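Asks: One structure, as structure tokens, below. Some questions next.
The values are calculated or read from the model by the stated rules, or taken from the named source; none is laboratory data. Here the structure is a predicted model, which means the values were calculated and not measured. Reconstructed Cβ throughout: ideal geometry from the backbone, glycine too, with neighbour counts over all protein chains shown. Please note that ligands, DNA and RNA were not included when accessible areas were found on the heavy atoms of the full protein model with its side chains. Shrake-Rupley method; radii C 1.70, N 1.55, O 1.52, S 1.80 Å.
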Amino acid sequence: MRKFKIAPSILAADFGRLDEEIQFVNDSQADWVHVDVMDGRFVPNISFGQMLVKQMSKVATNPLDVHLMIVEPEKYVESFVEAGASVISFHLEATNHAHRLIQQLKDLGVQAGIALNPQTPVDLLDDLLEDLDLVVLMSVNPGFGGQKFIYRTLHKIKALKSKIIERNLDTLIEIDGGVGLHNAQQLIECGADVLVAGSAVFKSDDPALTVERMKSIEVGNFEL
Ligand code: DX5
Ligand code: ZN
């Protein structure tokens, strides 16, 4: 059976109880903690920075999957590694030097990911794919939690998965935005490896049960 990861997005958590919310993720069947960093420039919203990430890393037992929605990400990656990030994704649309930044992330000893906005074609990764641990396909316009899933993303997942399989790579595909129990199975069947879920987990009546249900979805091996 195909393995996949669940990454609850802390953006939808209660920041007044941050330690408890991270502890909940520790105790759940989730695999990563998804951490959304927004600068009010790349996206029209501001979330938090390195200090809060550091606090999360003190409590988290799962890897922190940091999604940088910021301009000039090359200026800040080192400080996010120091704050405790294990996986760092930056937006292709936010830098002219993606290849260099991927190498920088590898030199810093973290997993390197690139995120693509909904309008950005996966073909733009053709000359980068071999170097990437992760591709984050945005299935909403980045900036806010709780938005509706953009169904066109399904085609992008399939196209990207075909490239990854053809080249025999182990690059993971993460889907971010509007993910929940209603579409999780379909996403995994299209080729997703990591599902980010913010509102679907933290705003549900029973967050632990929601993670458990997502984790127990049964899907066969992916075939082209
Ligand atoms: C959107 C963020 C997402 C967000 C997902 O800009 O990158 O990670 O937290 O939230 P939901 O799951 O509520 O769509
Ligand atoms: Zn995100």
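Asks: Could you count how many residues in region 165-224 are part of a loop (DSSP other than H, G, I, E, B) and among the hydrophobic types (A, V, I, L, M, F, W, C)?
Replies: Final tally of qualifying residues: 8.
Asks: For region 73-98, how many residues meet the condition of being in a helix (DSSP H, G or I), closer than 14 Å to A112 by Cα and under 18 Å from the mean Cα position of the chain (by Cα)?
Replies: Here is the first cut: in region 73-98, the ones in a helix (DSSP H, G or I) are 73-75, 77-82, 92-94, 98.
Imposing the further condition that a residue be closer than 14 Å to A112 by Cα reduces the set to 73-74, 77-78, 80-81, 92, 98.
Among the residues that remain, those that are also under 18 Å from the mean Cα position of the chain (by Cα) are: 73, 77, 80-81, 92, 98.
So the answer is 6.
Every residue, every condition in (1) hydrophobic (A, V, I, L, M, F, W, C); (2) under 25 Å from N117 (Cβ atoms); (3) free of Cβ contacts under 8 Å to residues at least 24 places away in the same chain, yes or no:
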site	(1), (2), (3)
I46	yes, yes, yes
M51	yes, no, no
V59	yes, no, no
P63	no, yes, no
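Asks: How many residues, within region 50-72, are more than 15 Å from ligand 2 (Cβ to nearest atom) and either in contact with an Asp or Glu (Cβ under 7 Å, 6 or more places away or on another chain) or assigned to a loop (DSSP other than H, G, I, E, B) (or both)?
Replies: Here the count works out to 6.
Asks: Of all the residues that make up region 205-224, how many are acidic (D, E) and at pLDDT 95 or above?
Replies: 3
Asks: P44 - would you say it is closer than 17 Å to G143 by Cβ and open to solvent by less than 10 Å² (accessible area, probe 1.4 Å)?
Replies: no
Asks: When region 142-161 is examined, which residues are found to be out of contact with any Gly (no Cβ under 8 Å at 6 or more places or on another chain), open to solvent by 10 Å² or more (accessible area, probe 1.4 Å) and either away from ligand 2 (no atom under 14 Å from the Cβ) or of a type outside the set (A, V, I, L, M, F, W, C) (or both)?
Replies: Answer for region 142-161, where residues must be out of contact with any Gly (no Cβ under 8 Å at 6 or more places or on another chain), open to solvent by 10 Å² or more (accessible area, probe 1.4 Å) and either away from ligand 2 (no atom under 14 Å from the Cβ) or of a type outside the set (A, V, I, L, M, F, W, C) (or both): Y151, R152, L154, H155, K156, A159.
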